[in-house]
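Student: Please see the structure below; I have some questions.
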Amino acid sequence: MDRRDFVKAGGVLLAGTTCAYGLPLLSAYSLSTPSPEGSSGKRKWGMVIDVRNCSEGCNACSEACHKEHNITSRGEKDWDIHLIRRVTVKRKYPAGAAAIAEPLSVPLLCNHCDDPPCVQACPVQATFKRDDGIVLVDHHRCIGCRYCMIACPYNARHFNFKENEEWANKNYTRSTHGVPQSCNFCAARIRKWRKRVEEDPEVLKREPEPVPACVEACEKQALASGKKKALTFGNLNDPDSDVSKLIADNPARGIREDLGTKPKVFYIGL
Amino acid sequence: MEVKFQTIEGKSVQFYLVLLVFALLILPGAFSTYLMYYQGLHLSGMTNRIPWGLQIILAVFYIGLSAGSLVISSLYGIFGKIEYKPFARIAVYLATLLLIGALLSILTDLGRLDRLSMSFSYFNFLSMLSINPFLYNMYILICIVYLWAMLKEKDRFVKIMALIAVIWAILVHSGTGAIFGFVPRELYQSALLPPSFISAALSSGTALMILVILALFRFTERPLDHRLVVRLGRLLAVFIFVVIYFIFVENAYRLYMPESREAARFFLFDPVNAAIFWGGLITIGSIIPAVVLLNPRTGGSIPWIIFSAVLVVFGVLCERYLIVIPGLAHPTDLLPGMEIADSVIDEGIVYYSASIHEVFQALAVVGMIGFLFVLGLRLLKLLPTEAKIYE
């Protein structure tokens, strides 16, 4: 190869690389316009969890969630996917108080942070935050690098280590192996509701706002046992919504708010 | 004082045998990657708690080694040390291959290899894992141009490219350190990781170059002035101390601060970590080679230098493990002041061990690097006829 050839080949290579890296600029521009899937900026979905009402031994929320999202539980601790999981919590300090205090039962899930580290980490913008505050993974764009799982301080992202055969609920895409997953506040339910509102605005007055499968299951369980429900879902931007009222009337806080992630799942009694 | 370069003849049985061995190493790894691609990553040793494993450890290890090679070539290219000119070409060639090896390691580790094109179509300027592949690809291009300039003996252009390559290498290694340092996890989050990553890169890379140079000159029966290797050995000793310094500062800080003390204790004294940290990195990887290299009797002897170079490479491999795994093995402090139990993922300490498929993949990347390296010796004029100190 003489010099002329080399310069030519090098030029083509450089031009190619420049183009390849120029594309993202264009796509970044197009991303700034709201997608039809994204909801209006008026709503910001959030959840309030009153752990005082969450009872040990009840797994209604996670069971409903698995059913909604076609998740197969194989009983493999290392690989099973849990979009919502219940843990038992005890106070560590001081040692004496720990013995007296009752252990708490706490459901943990994706906090749909307003400043999400997973969105920051994703190299291909497959993880993104919608206008209505829901953090989602685009399962058709994700390359499976798992950097979001590393970046999430809440262990909320779980990975599809195995292929999922079940696909009963067609409202959600079948998650293939090789992509991570986390709670999406049942985005399909919200999408369906929004579509109906668009067709007939009267729906807004007639019907309550949609709730995720876990909240629905928790309400049902509470009604059946005559207790108060632990999970409440709603619009944080509306001062009259149930979630806003709960946050106003009770000392509610998000998990690890000190990290600056601004979680939108609030806990009462933790 | 003209240094003449030539290709190796490459007609001997040994040459083809070496090529064959490297090629055979690739096969099982290729099959494992195929299996994982079709069946899922449960074939690896990774879990929801430890989603990064051997491939990532080795990727950062190769990226580090690549820097060290480049430094050897810059001794000639930037600092004008003519006695290192004989090693300049081979160093840049190896640096390029090691970075390709690092990219291959990351690729084989992806959950959806088929969507690789996405990383060219979508870019996230906030993601370290998006910025770094760009830095790596440009680095490979720069190294190729740099090597071409040397092969064509364009001395002024070589000087310019050497400077660009070294500046870019600093970006590459800071960036790689930042993949881990800029993450909100107790044993990851650190501003010291990028410079500390560079220091370990320099020491492991120099050690590898010493080994490669000695092996090449011996097997191709070229005369080599051993004083050159002894000088590189002294350089290596300096790098070892820089690595130790960074590691000392980082861990002293973590132990001193009450909030990270518990994590630091896990990092330093958990049985597995302690064996790798105190045994692998500190004793085998740093103290023994430093003593050997600085002792006037052993520091001048080639077998002892080989011995310590092997130990340093091993020590930095341990250091790379300690960057990736303990930060994931240690539970995140989800509810400060609270103890979590009965969780599927959050509590307790977990351990990682690589599966056989991951080992195969790792060997395949080694095979790929080795194959291209040996082949390059025959196709390109990389090796000098001799290496000596010009008085």
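Student: Provide the per-residue ³J(HN,Hα) series for the stretch B:231-243, in order, calculated from phi with Karplus coefficients 6.51, -1.76, 1.60 and θ = phi - 60°, each as a whole number of Hz, with x at glycine and proline positions.
Tutor: Each residue's phi maps through the Karplus curve to give 5, 4, x, 5, 4, 4, 4, 4, 4, 4, 5, 5, 4 Hz.
Student: Separation between the A:K92 and B:Y38 pseudo-spin-labels, each 7 Å from Cα along Cα→Cβ, expressed in nm?
Tutor: Roughly 4.7 nm, to one decimal.
Student: Averaged over peptide B:320-327, how many Cβ atoms belonging to another chain are found within 10 Å of each residue's Cβ?
Tutor: Values: counts 0, 0, 0, 0, 1, 0, 0, 1.
Taking the mean over all residues of the peptide, I get 0.
Student: Could you tell me what percent of the accessible area of chain B is made up of carbon and sulfur, with a 1.4 Å probe and every protein chain present?
Tutor: Working: 11330 of 16060 Å².
Looking at chain B in its full context, I get 71 percent from C and S.
Student: Among B:L334, B:L294, B:L58, determine the one that fluctuates most according to a GNM of chain B built with springs between C-alpha atoms less than 10 Å apart.
Tutor: B:L334
Student: What does the charge add up to near B:V243, with Lys and Arg as +1, Asp and Glu as -1, over the other residues with Cβ less than 15 Å from its Cβ?
Tutor: Numbers: positive: B:R320; negative: B:E250, B:E319.
Cβ neighbours under 15 Å give a net charge of -1.
Student: So, in nm, how far is label B:V242 from label B:K381 when the simple model puts each one 7 Å beyond its Cα toward the Cβ?
Tutor: Rounded to a tenth, the inter-label distance reads 3.3 nm.
Student: Amide H neighbours of A:C110 under 5 Å, at least 5 residues apart or on other chains, H built in the peptide plane: list them.
Tutor: A:C183
Student: Further question: Which of these, B:L255, B:L202, B:L97, has the largest mean-square fluctuation under a Gaussian network model of chain B (Cα springs below 10 Å)?
Tutor: Greatest mean-square fluctuation among the candidates belongs to B:L255.
Student: Could you give me the percent of Cα pairs per 20 Å distance bin for the protein assembly as shown, shortest bin first, beginning at zero and ending with the bin that holds the maximum distance?
Tutor: Reading upward from the zero bin: 17, 46, 27, 9, 1.
Student: Heavy atoms only, probe 1.4 Å: what % of the accessible area of the stretch A:136-270 goes to carbon and sulfur, would you let me know?
Tutor: On the way: 3260 of 6330 Å².
Carbon-and-sulfur percentage of accessible area, whole number: 51.
Student: May I ask you to evaluate 6.51 cos²θ - 1.76 cosθ + 1.60, the Karplus curve with θ = phi - 60°, for each residue of the stretch B:330-345 and list the ³J(HN,Hα) values in order in whole Hz, giving x for glycine and proline?
Tutor: Coupling constants for the stretch B:330-345: 7, x, 6, 7, 5, 10, x, x, 10, 10, 9, 9, 6, 9, 7, 9 Hz.
Student: When you have a sec, figure out the Kirkwood radius of the stretch B:217-257 from all distinct Cα pair distances and drop it here in Å to one decimal? If you can, show how the numbers build up before the last one.
Tutor: Numbers: mean 1/r = 0.0777 Å⁻¹.
In the stretch B:217-257 this quantity evaluates to 12.9 Å.
Student: Return the whole-Å distance between the Cα centroid of the stretch A:37-90 and the Cα centroid of the stretch B:97-163.
Tutor: If you average the Cα positions of each part, the centres end up 41 Å apart.
Student: Hey, another quick one. How long, wide and thick is the stretch A:73-148, going by the Cα atoms along their three principal axes, in whole angstroms, largest first?
Tutor: Computed over the stretch A:73-148, the largest-to-smallest principal extents equal 50, 32, 20 Å.
Student: Let me ask another. Can you give the mean number of other chain Cβ atoms that lie within 10 Å of the Cβ atoms in peptide B:28-40? It would help to have the intermediate numbers written out before the result.
Tutor: Values: counts 0, 0, 0, 0, 0, 0, 0, 0, 2, 2, 3, 5, 11.
Mean shielding by partner chains, rounded to a whole number: 2.
Student: On to the next question. For the stretch B:1-92, with equal point scatterers placed on the C-alpha atoms only and solvent neglected, what are the log10 I(q)/I(0) values from the Debye formula at q = 0.16 1/Å, to two decimals?
Tutor: With one equal scatterer per Cα and no solvent, log10 I(q)/I(0) is -0.93.
Student: Given N residues in chain B, what is Rg(Cα) / (2.2 N^0.38 Å)? Before the final figure, lay out each step's value.
Tutor: Values: Rg = 21.5 Å, N = 391, 2.2 N^0.38 = 21.3 Å.
Working it through for chain B, the quotient is 1.01.
Student: Then there is this: Could you sort out which of A:K42/A:K228; A:K205/A:K264; B:K4/B:K81; A:K42/A:K264; B:K4/B:K154 sit more than 18 Å apart by Cα distance in this structure?
Tutor: Numbers: A:K42/A:K228 29 Å; A:K205/A:K264 25 Å; B:K4/B:K81 16 Å; A:K42/A:K264 15 Å; B:K4/B:K154 14 Å.
The answer is A:K42/A:K228; A:K205/A:K264.
Student: If you plug each phi of the stretch B:294-309 into the Karplus form 6.51 cos²θ - 1.76 cosθ + 1.60 with θ = phi - 60°, what whole-Hz ³J(HN,Hα) values come out, in order, with x for Gly and Pro?
Tutor: 8, 5, x, 6, 8, x, x, 9, 4, x, 5, 5, 4, 3, 6, 5
Student: If you take the accessible area of B alone plus A alone and subtract the pair, what total do you get in square angstrom, rounded to 100, with a 1.4 Å probe?
Tutor: 5800 Å²
Student: Check A:K44: other-chain or 5+ apart residues with amide H under 5 Å from its amide H, H built from backbone geometry?
Tutor: Under 5 Å from the amide H of A:K44: A:L236, A:N237, A:D238.
Student: Here's another thing I want to ask about it. Under 1.5 on a/c is rounded, so check that first for the stretch A:154-199, then, if it is not, pick prolate when a/b is larger than b/c and oblate when it is not; a ≥ b ≥ c are the square roots of the alpha carbon gyration tensor eigenvalues. Intermediate results must be reported in sequence, preceding the final value.
Tutor: Working: a/c = 4.02, a/b = 1.75, b/c = 2.30.
The shape class here is oblate.
Student: Could you give the accessible area per residue of the stretch A:224-269, probe 1.4 Å, as a whole number in Å²? Please list the in-between numbers first.
Tutor: Details: 2390 Å² over 46 residues.
With all protein chains present, the stretch A:224-269 gives 52 Å² per residue.
Student: Taking a spot 7 Å from the Cα of A:E63 along the direction of its beta carbon, which residues of the stretch A:222-238 have an amide N less than 20 Å from it?
Tutor: A:222-232
Student: Also: Quick check: Cα centre of the stretch B:58-77 to Cα centre of the stretch B:343-391, how many Å?
Tutor: Centre-to-centre (Cα) distance: 13 Å.
Student: Going out from 0 in 10 Å bins, what whole percent of all Cα-Cα distances in the stretch A:116-162 drops into each bin?
Tutor: P(r) for the stretch A:116-162, in whole percents per bin: 28, 60, 12, 0.
Student: So the label point goes 7 Å from the Cα of B:I167 along Cα→C-beta, right? Which residues of the stretch B:70-92 then have their backbone N under 15 Å from it?
Tutor: B:78
Student: Name the lysines eligible as straight-distance cross-link partners of A:K170: C-alpha to C-alpha under 16 Å, and not fewer than 8 places from it in the same chain.
Tutor: Straight-distance partners of A:K170: A:K67, A:K192.
Student: Calculated FRET efficiency, A:K227 and B:L24, Cβ-Cβ r, R0 60 Å, to nearest 0.05? Don't skip to the answer; put the middle values down first.
Tutor: On the way: r = 66 Å, r/R0 = 1.10.
E between A:K227 and B:L24, to the nearest 0.05, is 0.35.
The values are calculated or read from the model by the stated rules, or taken from the named source; none is laboratory data. Source: prediction; values computed, not measured. Counting neighbours? That spans all protein chains shown, and the Cβs are built from the backbone with ideal geometry, glycine included. Remember, those area values only see protein heavy atoms, side chains included, never the ligands or the DNA or RNA. Shrake-Rupley method; radii C 1.70, N 1.55, O 1.52, S 1.80 Å.
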